[in-house]
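Participant: The structure under discussion is supplied below as structure tokens; questions concerning it will follow.
The values are calculated or read from the model by the stated rules, or taken from the named source; none is laboratory data. This is a predicted model, so every value here is computed, not measured. Ideal geometry is used to build each Cβ from the backbone, glycine not excepted, and the neighbour counts take in all protein chains shown.
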Amino acid sequence: MRISRHRRKFQQRVEEPKFRVNEKITNPEVRIIDENGVHVGVLPIAEAIAQAHERGLDLVEISPKDVPPICKYLNYGQFKYEQEKKDRIQKAHAKKVEVKGVRLSLRIGNHDLDIRKSQAMAFLEDGDKVQVELILRGREKAHAPLAEKVMYDFVERVKQDVPVRIEQPVSKQGGRMTLLIAKT
């Protein structure tokens, strides 16, 4: 069997427009709102498009799920630009939730637990999620229930100061145990 050495070009996804414009509107009748926001009434699609062209504007379907769909006389290019601008601003203000890690061990001391607790609390206060991780080495792998108890005790210590919920219970992969918590 011959192995192709050529990389396939990724096909660009063609994004469908969110709003149908002019002739792309398929309903026979539409409810019209003019450029000033005044309700005009229900018109046949051909007449509505003709009125839009007379005004030098486009007929844009704003609410396609209504019966009949609501359309508005707009300058579509300007409308599309305003929508993209709103989306960019909304995306810029959105906080991306990160997952920060805190690593424990089976034989961790109280002072080290307090330090990990303060780190986890700082992460949670910043709005991030915390992945508690415990790695079992050698003979420790035989004591998985004890490791699970250490992890849940740590969560209880954190709960005393910050209200948290367990988003993902303890999962074990090989010698690594993980638990995901987030602020409620």
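Participant: Any chance you could count how many residues in segment 1-39 are modelled with pLDDT of 85 or more, out of contact with any Leu (no Cβ under 6 Å at 6 or more places or on another chain), surrounded by 12 or more Cβ atoms within 10 Å (Cβ to Cβ) and not charged (D, E, K, R)?
Facilitator: 5
Participant: Looking only at segment 45-61, how many residues end up being outside any helix (DSSP H, G or I) and touching a strand residue (DSSP E or B) at 6+ places or on another chain (Cβ under 6 Å)?
Facilitator: Keep residues of segment 45-61 that are outside any helix (DSSP H, G or I), which gives 56-61.
Next cut, touching a strand residue (DSSP E or B) at 6+ places or on another chain (Cβ under 6 Å) only: 57-61.
Total satisfying the criteria: 5.
Participant: Quick one: which residue in Val60, Val42 is modelled with pLDDT of 90 or more and surrounded by 17 or more Cβ atoms within 10 Å (Cβ to Cβ)?
Facilitator: Numbers: Val42 fails: surrounded by 17 or more Cβ atoms within 10 Å (Cβ to Cβ).
None of the others qualify; the one that does is Val60.
Participant: With respect to Glu29, is the statement that it is in contact (Cβ under 8 Å) with a residue 12 or more places away in the chain, of a type in the set (Asp, Glu) and over 30 Å from Leu180 (Cα atoms) true? Quick ask: steps written out before the conclusion?
Facilitator: Working: in contact (Cβ under 8 Å) with a residue 12 or more places away in the chain: yes; of a type in the set (Asp, Glu): yes; over 30 Å from Leu180 (Cα atoms): yes.
For Glu29, the condition - in contact (Cβ under 8 Å) with a residue 12 or more places away in the chain, of a type in the set (Asp, Glu) and over 30 Å from Leu180 (Cα atoms) - is met.
Participant: Would you point out which residue out of Gly101, Gly77, Gly138 is over 18 Å from Gln173 (Cβ atoms) and either within 27 Å of the chain's Cα centre (by Cα) or not acidic (Asp, Glu) (or both)?
Facilitator: The conditions single out Gly77.
Participant: Shifting gears a bit: Limited to segment 62-108, what total is found for residues that are within 27 Å of Asp34 (Cβ to Cβ), assigned to a helix (DSSP H, G or I) and not aromatic (Phe, Trp, Tyr)? Working first, answer last.
Facilitator: Step one: list which residues in segment 62-108 are within 27 Å of Asp34 (Cβ to Cβ), which gives 62-87.
Next, from what is left, pick out any that are assigned to a helix (DSSP H, G or I): 76-87.
Add one more test, that the residue is not aromatic (Phe, Trp, Tyr), and what stays is 77-78, 80, 82-87.
Residues in segment 62-108 being within 27 Å of Asp34 (Cβ to Cβ), assigned to a helix (DSSP H, G or I) and not aromatic (Phe, Trp, Tyr): 9 in total.
Participant: Residue check: is Ile108 aliphatic (A, V, I, L, M), out of contact with any Gly (no Cβ under 6 Å at 6 or more places or on another chain), on the phi < 0 side of the Ramachandran plot and outside the structural domain of Lys149 (by TED's automatic domain parsing)?
Facilitator: When the stated conditions are applied, Ile108 does not pass them.
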